[in-house]
Amino acid sequence: MSFNAYMHVRNRYRSNPSDFQQLAEKHPNLKQYLIEKSKGGVTLDFCDPNAVRALTIAVAKEDFNLDLELSLDRLIPRIPQKLNYLHWIEDLIECRNDAIGIDIGGGCSCIHALLAVRLNPQWTMYVSEIDPFNYRMAMKNVEQNGLQDRIHVVQMDSSALFHDFIDQTKHYDFLMCNPPFYCDSSESQGLTNTRKSDRPSANSINTAAPVESIYDQGGEVEFKTVLLIFTSQLGKKSSLDRIKKHLAKIRHIDTELCQGNTMRWAIAWTFDETYQFPSECQSRKAFQALKKTKKKNETPRTPISVPFDSKYSFDFIKNYLETYLFNELHLKWTSLSSYAWIFDAYDNLWSHQRRRRRQHTNDEPPSKRLKSNDEPTAKVCTIQMRLDEHEGICTLYLLFVDGTNADAANQIGQYIKNQFPTYCQSHE
């Protein structure tokens, strides 16, 4: 089962996965690992660490202009998975421009911090690492990309905690970590059964060193209960359930991170009683609902994107949505955060055919109009909408949730593309 349809809405690989053939043309080292499929196209052997390393290096360079050096005896990161976690953190802090983050156990690649500052040029990351080899490699990856002013890597003793290396006079927006999954070597080698009986065997290689995959004080559960701050990614569903028990009296939230055939989980918590997690961060419940309601052979729902010209600011577009579009289309809307909304539509006012019918109705006698308006109207759609800004360019995402018109998100997206220029002419 592929989980790609449930990747984070802003994950660039959700609807546009890497084309291995094209990638290999630009990055020749990948070409030797391509495997021709019987029905056409190419793939990779994801159980071959050399192939996985070549792919990660090529993707990092092609899509993020990052030069990576990776060791075969250390974890080789899957970039689409890492993006799911980072985008969720962006949601939690509502894409704060100048955020300062902490990554516990940055690993050999230092990939979380590197991607974080590429996606958010004003962010600063502090990274800890206990393994000497990982520390040296992480430093090299940061320096060869010229990011040492924004990513600070510190080597720590294994008994130290995060507060031993941070400046406690500063404000930190989030903490992230992707800790060792296993509590001993037998579990890491699959000798201890943690998979459901009907679940297929893993189809990708695990190259992690023991220091990266084993925490002998109880695995990832005990690692998290020592930290008890902000966010962490988990590799096992059973660990999520146990962590939530530890956090029963603390405000927390969790989500599913989906990519390819791999599922990960993330959990966030806070000790600040005044802080409320953004409503849209509760994507795990939405994913479970989709799984329950999905019908056989139904095409997975994907968001519709509407890009805007870079000359239009985030605030200008937001004002257009809240003061014009929602009113023009008679939408019953609720704000989920400063950049996300959900709305219900009970009348299709965005199609030309419907607008012509409206005009015709307005020309009819009042008695006829009253009869028409008194008829009960079924809900046309519920749409989730999010406005994202990246490198000065705003993109609006619309996701159909339910209703009688499954194409409503696409239709409203097209309506915005057609009507936004007219709005701009009268408001610039």
Given 114-125, 245-256, the highest-first ranking by average Cβ count within 10 Å works out to 114-125, 245-256
The set of residues whose placed amide H lies less than 5 Å from the amide H of VAL153, leaving out same-chain residues fewer than 5 positions away, is VAL127
Pairs to check: LYS39/LYS61; LYS140/LYS236; LYS61/LYS82; LYS39/LYS82; LYS37/LYS236. Give those whose C-alpha atoms are more than 22 Å from each other in this structure. LYS39/LYS61; LYS140/LYS236; LYS39/LYS82; LYS37/LYS236
The long-range amide H neighbours of CYS394, using H built 1.01 Å from N in the peptide plane and a cut-off of under 5 Å, are PHE308
Rounded to the nearest 0.05, what FRET efficiency is calculated for ASP45 and ASP73 with R0 set to 25 Å and r the Cβ-Cβ distance? 0.85
Using modelled amide H (1.01 Å from N, peptide plane; none on Pro or chain starts), what sits under 5 Å from the amide H of PHE174, excluding residues fewer than 5 places away? ILE100, ILE102
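None of the figures in this text is laboratory data; all of them are computed from the coordinates on show. Nothing here was measured: the structure is a model prediction, and the numbers come from that model. With ideal geometry, Cβ positions are generated from the backbone for all residues, glycine too; neighbour counts draw on all protein chains shown.
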